[in-house]
Amino acid sequence: MTPSEKINNDIKQAMLAKDSVKLAALRAIKSAILLAQTSGKNAEIGEDDFLAIINKMVKQRQDSITVYEQQNRPDLAEEEKLQLDVIKQFLPAQLSDEELESAVKEILQKIGANSPADFGKAMGAASKELSGKADNKRVSQIIKTILG
């Protein structure tokens with residue numbers, strides 16, 4: 001089942017369950033997918049493209065939550081948090097700290113990064129390989145720790 005088919009099925013289920021929060025989040029995902037399909041060359045988006053869309057939506061929701069909390073709007077922040085939970089269900093399982101550290105060490109060894117000057121090259125390779133499996137902030141912190 002493609003991501004688009006899963007989204008469509010989940011939208012139907014949310015409509016039947018009258019779950020407005022889940023429905024709004026799923027419609028936002030579907031909208032982002034349709035936008036990517038119409039703006040790109042491919043009629044169907046791949047798994048990497050889908051993960052990039054979901055990651056972008058997660059980041060947008062987190063930023064919105066921060067802004068709403070700063071503006072003392074807990075009602076809007078709560079709505080975004082609920083939608084964020086729905087959107088995160090489409091991400092692969094996140095790596096634990098130990099798994100992430102070992103994956104980063106493996107990537108650093110593969111590309112030959114061993115000094116802080118190699119940070120950019122290491123971050124590029126790690127973010128590409130760990131896309132959707134770990135937040136780039138966590139990856140960045142681990143790379144900085146390892147490289148010194």
- Query: Of K81/K133; K6/K133; K12/K137; K12/K88; K22/K59; K18/K133, which pairs sit farther than 25 Å apart, going by alpha carbon to alpha carbon?
  - Reply: K12/K137; K18/K133
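Highest first, please rank the peptides 109-119, 131-141 by the mean number of other Cβ atoms sitting within 10 Å of their residues.
Per-residue mean Cβ counts within 10 Å order the peptides as 131-141, 109-119.
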- Task: Determine the calculated [θ] at 222 nm for the chain from helices alone, applying -39500 (n - 2.57) to every DSSP H run no shorter than 4 residues and normalising by the residue count; nearest 500 deg cm²/dmol.
- Result: -25000 deg cm²/dmol
- Kindly express, to the nearest 10 degrees and within the range 0 to 90, the angle between helix 119-129's C-alpha long axis and the longest C-alpha principal axis of the chain. 40 degrees
- Message: Angle check, please: helix 97-111 long axis (alpha carbons) against the longest principal axis of the chain (alpha carbons), in degrees 0 to 90, nearest 10.
- Response: 60 degrees
- Query: Over the Cα atoms of the range 97-147, how large are the radius of gyration and the largest Cα-Cα distance (Dmax), in Å?
  - Reply: 9.3, 26
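Each value in this text was obtained by applying a stated rule to the coordinates, not by laboratory testing. Not measured: the values here are computed from a predicted model. A quick note on method: Cβ atoms are made from the backbone with ideal geometry, for glycine too, and the neighbour counts reach across all protein chains shown.
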